[in-house]
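The next block holds one structure in the form of structure tokens; read it before the comments.
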Amino acid sequence: LTTATETLSRPTLGEGFAAFFRSPRAVPYLLLLPAIIVILAVVLVPLVVSFWTSFTNYNLTKPDTLYNFIGLRNYQRLLGNEEFWWAFGRTFMFITISLNLEMVLGLGLALLVNKITFGQRTLRTIMMFPMMFSPILVGFQFKYIFNDSIGLVNNALFDLGIISQPIPWLVDGTLANFSIIFAEIWMSTSIFAILLLAGLMALPKEPIEAAKVDGCNPFQVFRHITLPFLMPFVFIAMTIRSLDVARAYDMIRIMTNGGPAGRTELLWTLMTRTGYQNSQMGMANAMGYVSIILSIVFTFYFYRKLTAARTFMGGAQ
Amino acid sequence: MSQNHLTIEKPWQRWLIRFGIFIAMAILTVPGLWVVLTAFRPNIEVLARPAVWIPQNPTLDNFARLFGLSPAQQGLPVAQYFINSLVISLTSTLVAVLIGMAGGYAFARYRFRGKATLFLGFMLSRTVPGVALSLPLFIIWARLGIIDTSFGLILVYMAINIPFTIWLTDGFFRQIPVDLSEAAQIDGCTPWQAFWKIEFPLARSGLASAAIFAFLTSWNEYALASQLTRTTASKTMPVGLMDFTAQFTVDWTGMSAMAVLIIIPALVLTFIVQKHLIAGLTFGGVK
């Protein structure tokens, strides 16, 4: 990142360097300098450290092992580790399923709210409710609500006479996966709904009315006019969401912490277990890198789509 | 409000829409309300069978317990956690918005070499999952001796919030015509004065939304805080919430009361500036 500054000035002398920093060309770099320094210190340097660590068998209990280079052995062991592959696959599925469902449900909710003319502001305020929740609160809330003996869901089902045995929402493997995805969707559908609603409100009316006059049915209008117009909003929401998709860790940490018997183990929970509980920092950092790459791939994909959609919309730059 | 005058819904369609909205809103609000309700219940009521739906003996005992005001049980240092959370979130938000604003301004107003790469770099830095980042930070912070200090956490939250602030403010500054600042400079303002007198006030709603997002992120963060804090010296509210879970038991009412304490500041703040929030999210991104 810093190379941009250096190549631009090409300071054969210290003097040239000083002159550059006094010239107007330097202004944007100076403005960005604090941001660059912070990111360098808190993200980039740690990433280098964690990259190095992933090639050692660093163990928290034995500080000297930080300099114990073992090559690709951590990665080799990961690739041959079934537990890791399950966690990887589960994480991938978790992200894919929840992002898609959030998008569909958010779109549905936005379309519904857009039809309402009275009290729309109140509805929008209610929709923002889950956005303020800390993921760990969402986790706690659903741990409580899905609790098999005192949870709201089972209590309601009991009192309605639908079940006579408690449903083990968080104790059964499949149901636990359903529960964490439900919690994730509860937490993040609002972001999609709010952004898409803003998109719907900005929707120009002329093309729609023209299409109706030409005999398009509501579905065709939606498919060929509304949806293409909404796409940039969808991609913004997707980009924002994939930026912080890993905050689901907090929620899962408190709900199941990877249990029962590892059935909801995602990369993130497996990583902390390996690093902090088993002290195998080297191995944990190797997993960390895999998770970082996974996040970057998701974000980059949507970011590209967003830039393409923006250009299509004729937005700035 | 976009109202479509050409389609007139039939009554059954209108009721279907209302029903759908009712269900959706119920799903969004009931879990939270249930937790709030639990915060005011005695523990016996939570464990009762058959379930007690409406609180029979509402009590403030759970909150009293949190602050050590109840004789029955020793209090947790929740007041200290609250102060830590507040100090850490406010400081990191303030600094992140200042630094991010400078960066956003640079991206919005200047052309320079490496601009696109730098922008992408900032965005990618935000992509790194907190859990993954916590591993090396834990190692480094421990060696630097800033583990379990507010400073250590403030630094981390600054870094998390700067990229998003840059993204939002960039969008907002780009909407403000350059001419305004130029006109002010012709009239004798320095660029510095022109910024604070003309462009800063115009970008205020963007900055407000950036600040809210930064505050909410710091206030709610758990993954990094749980590893970088140890004691009352720096533990934040979300980390403190886990104090209530022992190996096999969970103090449901205590946790609910704590949950209420965590949600209230976020709720109040968000409702005050919700207009800016939506504007920030949408227009920072699209335009």
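Listed by position, the helices (runs of 4 or more DSSP H) contained in the range A:222-317 that have at least 3 residues being in contact with a Phe, Trp or Tyr (Cβ under 6 Å, 6 or more places away or on another chain) and either without any contact (Cβ under 8 Å) to a residue 60 or more places away in the chain or more than 24 Å from A:MET103 (Cα to Cα) (or both) are A:281-313. Enumerate the pairs (first residue in the range B:48-61 and in a loop (DSSP other than H, G, I, E, B); second residue anywhere and among the basic types (Lys, Arg)) with beta-carbon separation below 6 Å, excluding pairs fewer than 6 apart on the same chain, so at least 6 apart or on different chains. Pairs found: B:PRO55/B:ARG41. Note on the range B:75-85: residues that are part of a helix (DSSP H, G or I) and either touching a residue at least 60 places away in the same chain (Cβ under 8 Å) or touching a Phe, Trp or Tyr at 6+ places or on another chain (Cβ under 7 Å) (or both) total 7.
Of the residues making up the range B:175-196, those that are part of a helix (DSSP H, G or I), surrounded by 11 or more Cβ atoms within 10 Å (Cβ to Cβ) and not aromatic (Phe, Trp, Tyr) are B:GLN175, B:VAL178, B:LEU180, B:SER181, B:GLU182, B:ALA183, B:ALA184, B:GLN185, B:PRO191, B:GLN193, B:ALA194. Set side by side, the residues B:ALA108, B:ALA159, B:ALA132 differ, and just one is under 18 Å from the mean Cα position of the chain (by Cα) and crowded, with 18+ Cβ neighbours inside 10 Å, which is B:ALA159. Restricting to the range B:35-52, and then to whatever is within 8 Å of another protein chain (Cβ to nearest Cβ) and out of contact with any Ser or Thr (no Cβ under 9 Å at 6 or more places or on another chain), can you tell me which residue is surrounded by the most Cβ atoms within 10 Å (Cβ to Cβ)? This residue is B:ALA51.
A:ASP148 passes every criterion in (1) under 26 Å from A:THR256 (Cβ atoms); (2) more than 10 Å from every other protein chain (Cβ to nearest Cβ); (3) within 27 Å of the chain's Cα centre (by Cα) apart from (3).
So for the range A:212-227 (the condition being within 30 Å of A:LEU294 (Cα to Cα) and surrounded by fewer than 17 Cβ atoms within 10 Å (Cβ to Cβ)), does at least one residue qualify? The answer is yes; a qualifying residue exists. For the range B:109-133, filtering for residues that are at the interface with another protein chain (Cβ under 8 Å from one of its Cβ atoms), in a helix (DSSP H, G or I) and of a type in the set (Gly, Ala, Ser) leaves 4. Taken across the range B:233-246, residues that are within 20 Å of B:VAL95 (Cβ to Cβ) and crowded, with 16+ Cβ neighbours inside 10 Å do occur, with at least one present.
For the range A:234-286: of the residues being within 17 Å of the chain's Cα centre (by Cα) and basic (Lys, Arg), which is modelled with the highest pLDDT? Ranking the qualifying residues of the range A:234-286, first place goes to A:ARG253. Selection within the range B:197-211: residues that are touching a His at 6+ places or on another chain (Cβ under 8 Å) and surrounded by fewer than 22 Cβ atoms within 10 Å (Cβ to Cβ). The member of this set that is farthest from B:ILE88 (Cα to Cα) is B:SER205. If you go through the range A:293-308 and keep only what is among the β-branched types (Val, Ile, Thr), within 8 Å of chain B (Cβ to nearest Cβ) and either surrounded by 22 or more Cβ atoms within 10 Å (Cβ to Cβ) or more than 13 Å from the chain's Cα centre (by Cα) (or both), you end up with just A:THR299. Comparison of B:SER209, B:SER205 shows that the only residue that is modelled with pLDDT under 85, under 30 Å from A:VAL138 (Cβ atoms) and away from chain A (no Cβ under 13 Å) is B:SER205. Put simply, of B:THR253, B:THR270 the only residue that is at pLDDT below 85 and either farther than 23 Å from B:ILE160 by Cα or facing chain A (nearest Cβ under 10 Å) (or both) is B:THR270. When the range B:197-210 is filtered for residues that are under 15 Å from B:LEU98 (Cβ atoms) and in a helix (DSSP H, G or I), the ones remaining, listed by number, are B:GLU199, B:PHE200, B:ARG204, B:GLY206, B:LEU207, B:ALA208, B:ALA210. Here the condition is being polar (S, T, N, Q), crowded, with 22+ Cβ neighbours inside 10 Å and closer than 23 Å to B:ILE21 by Cβ; of A:GLN141, A:GLN120, it holds for A:GLN141 alone. Take the conditions more than 7 Å from chain B (Cβ to nearest Cβ) and over 21 Å from B:ILE272 (Cα atoms) and apply them to A:PHE140. Does it pass? Here the answer is no, as A:PHE140 does not meet what is asked. Restricting attention to the range A:154-170, the residues that are crowded, with 18+ Cβ neighbours inside 10 Å and either touching a Pro at 6+ places or on another chain (Cβ under 9 Å) or part of a helix (DSSP H, G or I) (or both) total 3. Hey, any hits in the range B:66-86 for a residue that's at the interface with chain A (Cβ under 9 Å from one of its Cβ atoms) and either at pLDDT 90 or above or buried (at least 23 other Cβ atoms within 10 Å of the Cβ) (or both)? Checked against the condition, which is being at the interface with chain A (Cβ under 9 Å from one of its Cβ atoms) and either at pLDDT 90 or above or buried (at least 23 other Cβ atoms within 10 Å of the Cβ) (or both), the range B:66-86 yields no hits at all. Only helices (runs of 4 or more DSSP H) whose full extent lies in the range A:10-110 are considered here, and the ones with at least 1 residues that are within 14 Å of chain B (Cβ to nearest Cβ) and touching a residue at least 60 places away in the same chain (Cβ under 8 Å) are A:45-53, A:73-79.
Just to verify a result, which residue in the range B:7-26, among those that are at the interface with chain A (Cβ under 7 Å from one of its Cβ atoms) and among the aliphatic types (A, V, I, L, M), is surrounded by the most Cβ atoms within 10 Å (Cβ to Cβ)? Filtering first and then ranking leaves B:ALA24.
The values are calculated or read from the model by the stated rules, or taken from the named source; none is laboratory data. Everything quoted here is computed from the prediction, not taken from an experiment. Neighbour counts are summed over all protein chains in view; Cβ atoms, including those assigned to glycine, are modelled from backbone coordinates with ideal geometry.
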